[in-house]
Amino acid sequence: MINSKPQILQKVLSDNSYQSIFDNSLEGLLLIENNRFIDCTQSIINMMNASSKDDILDLHPSDISPLHQYDNELSYTKAEKMMDACYEHGYHNFEWIHIKVTGEAFWVDVSLTNIYIEFRTLICVLWKDISEKKKHELELQSIQKKNKQLIHELNSQVIKQSSILIKQSRLSQMSKLVSTLAHQWRQPLSSIRSVTNNILLQHDLEKEINKDTIHELIKGMDNNIDILSNYINVFSKIYNQNPERQSIKCSDIVNEAIDIKRPGLDINEIEISTLSLCNKHVLICKGEIIDALLQVLDNAIESLISHKTPKPKILISVMELDRSIRIDICDNGKLIDETIKDQIFDPYFSTKYEKNGKGLGLYIASINIENNHHGKIYIDQDKKMNCICIELPCN
């Protein structure tokens, strides 16, 4: 890199007038011959806190430098490389750490330029003190490092907090399901108890029970046991969720979510229907998407129950868009208030006075859909029913 300034210096100095330039220059200038300083201006003496030129002349640049430079390279080795680059290209610029006569280290911007005086090849050195600039740079780097560390810590806290919220939501969901299953189990358990009591009574009365009666009683118990077993299978689907991504049809996920909520739907006489217009697969973490669907279904069911909606209905449709698959979960309950539509996906937001750990459901659903699957979850403002829409990218 050669600019006009070195060319001017070369011409002037070739006229044997370099001494007058040094004597009158306000710049920090030095001359190097055979890789040692042979002259310098008063500005250099001031920068170095020196008493005279004698403290600087006949020294190698590394003699007034720390043992190693900022990149941990030996100052002597690096200085030789910088001067060789100047000899080769005519000009070289770099940053350097020097040490004052009084022992303080300071930063300089160094420009080296080849000059020729009476058949001698010299290097003209220009120093610019950039200590303040480097101080600010180092302060900025320190701030950036602290900010980066703070962001990392905040991200860790967000991930940790999100994990806690998901666990809270999962526990709340489990509690609801256990309550529903307990209610559903009472009837088949009562039937089994009635059969066993009947057999014990016949035995106590020493009455003979014919084979056909025993067969019918056992068949009845088997049916009730099958019902209980089915409820256990439904319950276990929540616990046994594979965290790995799978390619699966959205309609199959919807059906699994409905199976899990079936007891609650039946108890509250809520009609549910599905419409699938898409057979494409999506690559998802099945458990997280089922969780999201359950959260939305929970909200719909609770809304229908709390508002005592006549002939409560839920309609779930699956359709294909250009690059995604959309699942609409709609109910015929009271429409969501326009003033809160933008808040329902916020953590701990709830329309109920007593949250009891609630207000997390749709927030958890949004984390699973948007953060973990790069999808979307939103309210469909155009429909007359309450509709929450989930979009998932196609495979």
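Every number in this text was worked out from the coordinates using simple rules, so none of it is lab data. Keep in mind it's a predicted model, so treat the numbers as computed, not measured. FYI the Cβ positions are ideal-geometry reconstructions off the backbone, even for glycines, and counts take in every protein chain you see.
Quick notes on this structure:
- Tail fraction, Cα-Cα pairs, the stretch 242-395, threshold 18 Å, whole percent: 56 percent
- Among 84-92, 326-334, sorting by the average number of other beta carbon atoms lying within 10 angstrom of each residue, highest first, gives 326-334, 84-92.
- Exceeding the 24 Å Cα-Cα cut-off - candidates 341/384; 100/146; 280/341: 100/146; 280/341
- Among the listed pairs 81/128; 249/311; 81/135; 53/133, a Cα-Cα separation exceeding 22 Å is found for 249/311; 81/135; 53/133.
- For residue 394, distant residues with modelled amide H under 5 Å away: 324, 325
- Extreme residue, positive dipole direction of the stretch 242-395, given options 393, 325, 363 (C-beta unit charges): 325
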